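Following: one structure in structure tokens, then a few remarks.
Taken together, the values in this text are just the output of simple stated rules run on the coordinates, not laboratory data. Just so it is clear, the model here is predicted, and its values are computed rather than measured. Cβ placement follows ideal geometry from the backbone for every residue including glycine, while neighbour counts extend to all protein chains displayed.
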Amino acid sequence: ETGVTQTPRHLVMGMTNKKSLKCEQHLGHNAMYWYKQSAKKPLELMFVYSLEERVENNSVPSRFSPECPNSSHLFLHLHTLQPEDSALYLCASSQDGGLSGELFFGEGSRLTVL
Amino acid sequence: DQQVKQNSPSLSVQEGRISILNCDYTNSMFDYFLWYKKYPAEGPTFLISISSIKDKNEDGRFTVFLNKSAKHLSLHIVPSQPGDSAVYFCAASRGGGATNKLIFGTGTLLAVQP
């Protein structure tokens, strides 16, 4: 079992649907992240939560709504998405304040918006 | 404008030979650099890092070299093995490796031929 698990692994949704991506970390970390990976683009940081409070939102459209109910769980709520939002969404965790630069990633949720 | 650039989208190397993956950056404030490795259908995993106060860091078959004046770093894998075939992401940060400030490159796909 990996330290960071994401569900679902694959999701296909229409532009009018509402869905959620889930992430759970079993590493005792206190910071969690959502990254977006599109083809031929760098990994893009979307949201950072530290101690369950959002500390960074990199100008992500409001159709993406994160939720962090506790230090082990992170959600990404999706609604009225666009086809260009199709990508691999990666969750990661770290021990906030650590300076190793080491993030622990989940396997990702592959999202396709029709 | 990309602050971390991996100009080679792919690299093919024979088993047993050296693999050299390159990364360039533009922000002179970056002070910590990392390499992540990603297999298909898995999340990226941390491989090796280097602080800007060093010019070399070695871990087994993996060595990272940093040339601050050229704003260039490279990852050397020797000898290369078929299991090294993956996408390699370069990442950089300001603030000594603080995980919420990582900037990633687009990745280089390494194929090690048996």
What full-extension length gain, to one decimal in nm, is calculated for A:LEU114 and A:ALA39 as 0.36 nm per residue of separation minus the Cα-Cα distance?
-> 25.3 nm
Can you give the mean number of other chain Cβ atoms that lie within 10 Å of the Cβ atoms in peptide A:86-94?
-> 2
Give or take rounding to whole Å, what are the principal axis extents of the alpha carbon atoms in the stretch A:35-78, in descending order?
-> 33, 18, 16
Violating pairs (Cα-Cα greater than 31 angstrom) within the set A:LYS40/B:LYS71; A:LYS22/B:LYS68; A:LYS40/B:LYS68; B:LYS68/B:LYS101; A:LYS19/B:LYS71; A:LYS22/B:LYS38 | A:LYS22/B:LYS68; A:LYS19/B:LYS71
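For the stretch B:5-56, what's the relative contact order in percent, using C-alpha pairs closer than 8 Å and at least 6 residues apart?
27 percent
Would you tell me the mean number of C-beta atoms belonging to other protein chains that fall within 10 Å of each C-beta in B:38-46, as a whole number? Write down the numbers at each step before the final one.
Values: counts 5, 1, 0, 5, 5, 16, 10, 5, 6.
Across B:38-46, the average partner-chain Cβ count within 10 Å equals 6.
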Per the 1/(1 + (r/R0)^6) rule, R0 = 30 Å and r from the Cβ atoms of B:VAL78 and B:SER10, FRET efficiency to 0.05 is 0.95
For B:103-111, what's the mean count of beta carbons from other chains sitting within 10 Å of each residue's beta carbon?
-> 3
Inter-centroid distance (Cα atoms) of the stretch B:1-53 relative to the stretch A:48-71, Å = 27 Å
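Using a 10 angstrom Cβ neighbour count of at most 14 plus a DSSP loop assignment to flag exposed trypsin sites (Lys or Arg not before Pro), which longest range of chain A is free of such sites?
Longest run free of exposed loop sites: A:64-114.
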